[in-house]
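The values are calculated or read from the model by the stated rules, or taken from the named source; none is laboratory data. The model shown is predicted, which means the values in this text are computed figures rather than measured ones. All Cβ positions, glycine included, derive from the backbone under ideal geometry; neighbour counts span all protein chains shown.
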Ligand SMILES: C[S@@+](CC[C@H](N)C(=O)[O-])C[C@H]1O[C@@H](n2cnc3c(N)ncnc32)[C@H](O)[C@@H]1O
């Protein structure tokens, strides 16, 4: 019997959730009971080896007040509220996510912030109707999706990148051989994150068609464990 056939039939939290999510990340992002206790700042802090604040700052620094921002997947903890507050009432904040429980959590966090919304959608094919964004951000999504989905997400984000606007990717990179975290992550990736190590070998620009049409600015953190890549059209 496959794991899939054990999924709770008719459970709305599992409806139309892709197989890589139910097979690999059920415990982390799909199961509503687990999501309930995982969704807090401490989980993010520990998962990111206490680099959470500077990685969030790398994203927030690219977001001016009044900006229209699309974050393509939900993140545990306070991040969505921080971005929404930073853009303020003159801006707009949209977060999309592929699983019902994550959208539920995002909606709860954004309650009362009139310029913010959460929508269920696949970052790889969502097309916000006629909307234009100043910043589109993927915060630790790429390492969690299969290669074909990485291409789809990067391509879709580029499709919505207007001239003068930017994409921000914050994710894992390739830790230096002397960084001890490299070897901890090797074990974690082996057991829990089968799609993550591709980012150790490939640049994010490698997932894009026509990468040369854009400027890709990369900054790394924590001896190469993490990267922030900002993408803009060439002049
Ligand atoms: C952004 S990543 C990981 C972030 C970080 N590890 C954290 O602490 O939350 C996790 C999110 O990506 C979402 N996700 C996975 N595949 C997606 C897709 N194709 N489109 C949109 N969201 C997706 C998951 O449902 C989950 O909420």
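Overview of values
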{"quantity": "Filter result (touching a residue at least 60 places away in the same chain (Cβ under 8 Å), near the ligand (Cβ under 9 Å from one of its atoms) and part of a loop (DSSP other than H, G, I, E, B)) within segment 118-161", "calculated": "122, 140, 141, 145"}
{"quantity": "Out of 54, 85, sole residue that is closer than 19 Å to residue 230 by Cα, more than 14 Å from the ligand (Cβ to nearest atom) and touching a residue at least 12 places away in the same chain (Cβ under 8 Å)", "calculated": "54"}
{"quantity": "Those residues of segment 164-174 which are surrounded by 14 or more Cβ atoms within 10 Å (Cβ to Cβ) and farther than 19 Å from residue 44 by Cβ, in sequence order", "calculated": "165, 166, 167, 174"}
{"quantity": "Filtered residues of segment 29-48 (kept if in contact (Cβ under 8 Å) with a residue 60 or more places away in the chain and either part of a loop (DSSP other than H, G, I, E, B) or near the ligand (Cβ under 10 Å from one of its atoms) (or both))", "calculated": "29, 30, 31, 35, 39, 48"}
{"quantity": "Residue 69 part of a strand (DSSP E or B), in contact with a strand residue (DSSP E or B) (Cβ under 7 Å, 6 or more places away or on another chain) and at pLDDT 95 or above", "calculated": "yes"}
{"quantity": "Tally, over segment 61-76, of residues that are without any contact (Cβ under 8 Å) to a residue 60 or more places away in the chain and surrounded by fewer than 20 Cβ atoms within 10 Å (Cβ to Cβ)", "calculated": "3"}
